[in-house]
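Novice: Have a look at this one before I ask anything.
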Amino acid sequence: MAGVYGDSLTLTCILDEGNITFTENSLVETGTMGTPVYGFAGTQISEGDFVCLSERAIHTYANCGGLPAVKAADATDGWIGIVKTQPVWNKLPSAAVTYAAASLTAGTFRVASVVFPGVTMAFKALCDGGTPTTVGAPVNWDVSEAAFVINGNFAAHNVGGTFSFHYTNTDNTSILVGVGMWGGASGKTDMAAFDVQG
């Protein structure tokens, strides 16, 4: 994308744009057109937009097929990436869609390539979800567990460098671990991000 330079991690991401509305026959100047029209209850994401991680509990590794989920940046969750490509439908819905675990597993959402300027790599790993691991939270490798564990938040601890792209509250489940983010959004101290002013 013109104006975006540098060598950072780029991942295909699910776009959390909220519930999807569906109009089968839209009204146009010349009458009714049979092409379906889609809208979003949340903020629509476009190429070049700043995005943050979407921290819904439905964003598990399994529900998301291993992909991160992002939403439009805001003053609470900050921003972590820049949308690099024009969003496209992963699977075109044939009716209105409630953004939920079922819509994730059905694939009825849009995707785009997102560049993460502060993240150098990501890898799949086991997580000890006995204490729920939230999206964007810092995680540490626990040698005794042979798994990653949530480690408080960025403000209260001298932590950083690894965080979870996914939610889990189940022991020995997969998450995508991001490496290289050394700070958290001040609006939400357990979210790997850069700050956004309101």
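Novice: Based on what the data block shows, is residue 120 surrounded by fewer than 21 Cβ atoms within 10 Å (Cβ to Cβ), within 16 Å of the chain's Cα centre (by Cα), over 28 Å from residue 37 (Cβ atoms) and touching a residue at least 40 places away in the same chain (Cβ under 8 Å)? Before you say what the answer is, go through the steps one by one.
Specialist: Working: surrounded by fewer than 21 Cβ atoms within 10 Å (Cβ to Cβ): yes; within 16 Å of the chain's Cα centre (by Cα): no; over 28 Å from residue 37 (Cβ atoms): yes; touching a residue at least 40 places away in the same chain (Cβ under 8 Å): yes.
Against the criterion (surrounded by fewer than 21 Cβ atoms within 10 Å (Cβ to Cβ), within 16 Å of the chain's Cα centre (by Cα), over 28 Å from residue 37 (Cβ atoms) and touching a residue at least 40 places away in the same chain (Cβ under 8 Å)), residue 120 does not qualify.
Novice: Quick one: residue 108 ticks every box in (1) buried (at least 18 other Cβ atoms within 10 Å of the Cβ); (2) outside the structural domain of residue 49 (by TED's automatic domain parsing); (3) over 30 Å from residue 3 (Cα atoms) except a single one, so which number is it?
Specialist: All conditions are met except number (2).
Novice: With surrounded by fewer than 18 Cβ atoms within 10 Å (Cβ to Cβ), touching a residue at least 60 places away in the same chain (Cβ under 8 Å), part of a loop (DSSP other than H, G, I, E, B) and outside the structural domain of residue 165 (by TED's automatic domain parsing) as the only criterion, which of 55, 47 stands out?
Specialist: 47
Novice: Any residue that is more than 21 Å from residue 184 (Cα to Cα), in contact (Cβ under 8 Å) with a residue 60 or more places away in the chain and exposed (fewer than 13 other Cβ atoms within 10 Å of the Cβ) - is there at least one of those in the range 61-76?
Specialist: No; the residues of the range 61-76 include none that is more than 21 Å from residue 184 (Cα to Cα), in contact (Cβ under 8 Å) with a residue 60 or more places away in the chain and exposed (fewer than 13 other Cβ atoms within 10 Å of the Cβ).
Novice: Let me ask something additional. Among 58, 82, 20, which is at pLDDT 95 or above and out of contact with any Gly (no Cβ under 9 Å at 6 or more places or on another chain)?
Specialist: Unique residue meeting the criteria: 58.
Novice: For the range 174-186, which positions are out of contact with any strand residue (DSSP E or B) (no Cβ under 6 Å at 6 or more places or on another chain) and modelled with pLDDT of 85 or more?
Specialist: Matches in the range 174-186: 180 only.
Novice: Still on this model: Could you please let me know if residue 103 is closer than 17 Å to residue 13 by Cα and part of a helix (DSSP H, G or I)?
Specialist: yes
Novice: Continuing with the same structure: Can you confirm whether the range 134-151 contains a residue that is surrounded by fewer than 20 Cβ atoms within 10 Å (Cβ to Cβ), on the phi > 0 side of the Ramachandran plot and outside the structural domain of residue 77 (by TED's automatic domain parsing)?
Specialist: Within the range 134-151, one or more residues are surrounded by fewer than 20 Cβ atoms within 10 Å (Cβ to Cβ), on the phi > 0 side of the Ramachandran plot and outside the structural domain of residue 77 (by TED's automatic domain parsing).
Novice: Can you find, within the range 106-126, the residue that is farthest from residue 69 (Cα to Cα) among those that are hydroxyl-bearing (Ser, Thr, Tyr) and assigned to a loop (DSSP other than H, G, I, E, B)?
Specialist: Looking at the filtered set, the residue picked out is 120.
The values are calculated or read from the model by the stated rules, or taken from the named source; none is laboratory data. Treat the numbers as computed from the prediction; the structure is a model and nothing was measured. For neighbour counting, all protein chains shown are included, and Cβ atoms are generated from backbone atoms with ideal geometry for every residue, glycine included.
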